[in-house]
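The values are calculated or read from the model by the stated rules, or taken from the named source; none is laboratory data. Being a predicted model, the structure only gives us computed values, none of them experimental. FYI the Cβ positions are ideal-geometry reconstructions off the backbone, even for glycines, and counts take in every protein chain you see.
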Amino acid sequence: MADHLSVKYKVDGELKEIVRLPHGWREMLVEEVRSMAPTGIMDFDIHGIEIVRIAVSGARFPSGEKLVMKLLTEVTKNLGLVDLGIDEDDLKKIRESMDEPYGMVWISGPEGSGRTTTAYALCRWLSAKNKKVVSIEDPIEMPIAGIDQIQVNPLTTPSIEVGLQLALEQESDVIMVGEVKDLSVANLALKAATGGRRMITTLGDSDTGKTLNRLFEMGCEPFSVASSTDMVVSQRLVKKICPSCRASKLGDVAILLNSLPEELGEKLSGRTKIRVYYGKGCDVCKRTGFLGRVGIFEIMLLSEKLRNMINIKSDGESIRKEAVSLGMKTLAVDGWEKVRTGQTTVEELSRMFKD
Ligand SMILES: [Zn+2]
């Protein structure tokens, strides 16, 4: 058993020990936190100015109990569509597509990829356009003004299906489903999208092609996916270079390509050196060289051709390739754009593809 209580912060994806406390404090502190968050969620009122929401989860290990407290408010605070890192062209297309009164948006990415932040930003944008927005979440990641959030819980809303039914009865224009994990939820959501609702859902897959394959594997009807989906988004988060200490250097293309996806070879062919950026470290970024994070996106807007391919249940990867030939930027290409323009580092991009 550890002889001290270690308190660590995870900032921008990196874990750092902040303070060591006497071992004797452990039990008292764990008890205190647990009693403050009996449901796993606690809200702190900061001087009546804002409420900070924290998710708490604990687990016992041979070395003792570990508590993880995730600051939910900070992650998604006030992020609008323009703050996420989506380029102007795609943003324009997203807005046009979301102006259609009904349809389905699938947002996919691993845990911590920022997919819920994107879903919230879309909801907020629609709510500002006077749409009635309802979300069904398990758990509610943070309270959002303008959205009626339904928390899945054993007493009132025992499942996402029940929540979805409730949202439909409430004449909602827009319904966000926290995470689609099985066929019955996917089918209900697809039905709602075909029936005149704007649906926004999140999934855990790594790119747009794999998201489509997942839907097929779950057993969703290709026809139903093709007719109701207007957008499949896949995303990741990378650390942003601190603007106060950003510097640049010439990188050797051959070496850079070793750690990056093959498809970027084409983008860099014919060049031996290229300018890349990094943060030198300063007081603003606490000597880390990074400040905040930015999203990397792959946004597939469904054209007639892509719908036809989904309809005949083509493989997700070939649909994705077709989308690329029609102008879709892949995660790798969007990531490279963010390296080239000094928003993130080559190391961050290669880490994103290793994770
Ligand atoms: Zn800095």
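For Glu298, indicate whether it is at pLDDT 95 or above and not in a strand (DSSP E or B). It would help to see each step written out before you state the result.
Numbers: at pLDDT 95 or above: yes; not in a strand (DSSP E or B): no.
So Glu298 fails the test.
Inside region 89-203, counting only helices (runs of 4 or more DSSP H) that do not spill past its ends, which hold 2 or more residues that are crowded, with 18+ Cβ neighbours inside 10 Å and among the β-branched types (Val, Ile, Thr)?
115-128
Any residue that is closer than 21 Å to Asp43 by Cβ, touching a Pro at 6+ places or on another chain (Cβ under 8 Å) and aliphatic (A, V, I, L, M) - is there at least one of those in region 141-153?
There is at least one residue in region 141-153 that is closer than 21 Å to Asp43 by Cβ, touching a Pro at 6+ places or on another chain (Cβ under 8 Å) and aliphatic (A, V, I, L, M).
Check whether at least one residue in region 310-318 is outside the structural domain of Pro222 (by TED's automatic domain parsing), over 24 Å from Leu79 (Cβ atoms) and acidic (Asp, Glu), and report yes or no.
Keep residues of region 310-318 that are outside the structural domain of Pro222 (by TED's automatic domain parsing), which gives none.
For region 310-318, residues outside the structural domain of Pro222 (by TED's automatic domain parsing), over 24 Å from Leu79 (Cβ atoms) and acidic (Asp, Glu): absent.
Consider Ile18 against the criteria (1) modelled with pLDDT under 85; (2) farther than 25 Å from Pro139 by Cβ: it satisfies all of them except one. Which criterion is unmet?
(1)
Quick one: is Val253 free of Cβ contacts under 8 Å to residues at least 60 places away in the same chain and more than 16 Å from the ligand (Cβ to nearest atom)?
Working: free of Cβ contacts under 8 Å to residues at least 60 places away in the same chain: yes; more than 16 Å from the ligand (Cβ to nearest atom): yes.
Yes, satisfied.
From Val339, Val324, Val284, which residue is of a type in the set (Val, Ile, Thr) and modelled with pLDDT under 95?
On the way: Val339 fails: modelled with pLDDT under 95; Val324 fails: modelled with pLDDT under 95.
Sole residue among the options that is of a type in the set (Val, Ile, Thr) and modelled with pLDDT under 95: Val284.
In the set Ser248, Ser234, which member is of a type in the set (Gly, Ala, Ser), away from the ligand (no atom under 16 Å from the Cβ) and not in a loop (DSSP other than H, G, I, E, B)? Break it down into steps so the answer makes sense when it comes.
Working: Ser248 fails: away from the ligand (no atom under 16 Å from the Cβ).
Result: Ser234 is the single residue among Ser248, Ser234 that is of a type in the set (Gly, Ala, Ser), away from the ligand (no atom under 16 Å from the Cβ) and not in a loop (DSSP other than H, G, I, E, B).
Being surrounded by fewer than 18 Cβ atoms within 10 Å (Cβ to Cβ), away from the ligand (no atom under 16 Å from the Cβ) and closer than 23 Å to Ile86 by Cα narrows it down to one of Lys305, Lys321, so name that one.
Details: Lys305 fails: closer than 23 Å to Ile86 by Cα.
Among Lys305, Lys321, only Lys321 is surrounded by fewer than 18 Cβ atoms within 10 Å (Cβ to Cβ), away from the ligand (no atom under 16 Å from the Cβ) and closer than 23 Å to Ile86 by Cα.
What do you reckon, is Gly327 away from the ligand (no atom under 16 Å from the Cβ) and crowded, with 23+ Cβ neighbours inside 10 Å? Full working, then the answer.
Working: away from the ligand (no atom under 16 Å from the Cβ): yes; crowded, with 23+ Cβ neighbours inside 10 Å: no.
No.
Is there any pair linking a residue in region 230-247 that is free of Cβ contacts under 8 Å to residues at least 12 places away in the same chain to one that is within 16 Å of the ligand (Cβ to nearest atom) and part of a loop (DSSP other than H, G, I, E, B), with Cβ under 6 Å and at least six apart or on different chains, and which?
none
Report the residue count in region 256-292 for those that are surrounded by 13 or more Cβ atoms within 10 Å (Cβ to Cβ), basic (Lys, Arg) and within 10 Å of the ligand (Cβ to nearest atom).
2
Scan region 124-147 residue by residue and report those that are within 26 Å of Met69 (Cα to Cα) and charged (D, E, K, R).
Matches in region 124-147: Arg124, Glu137, Asp138, Glu141.
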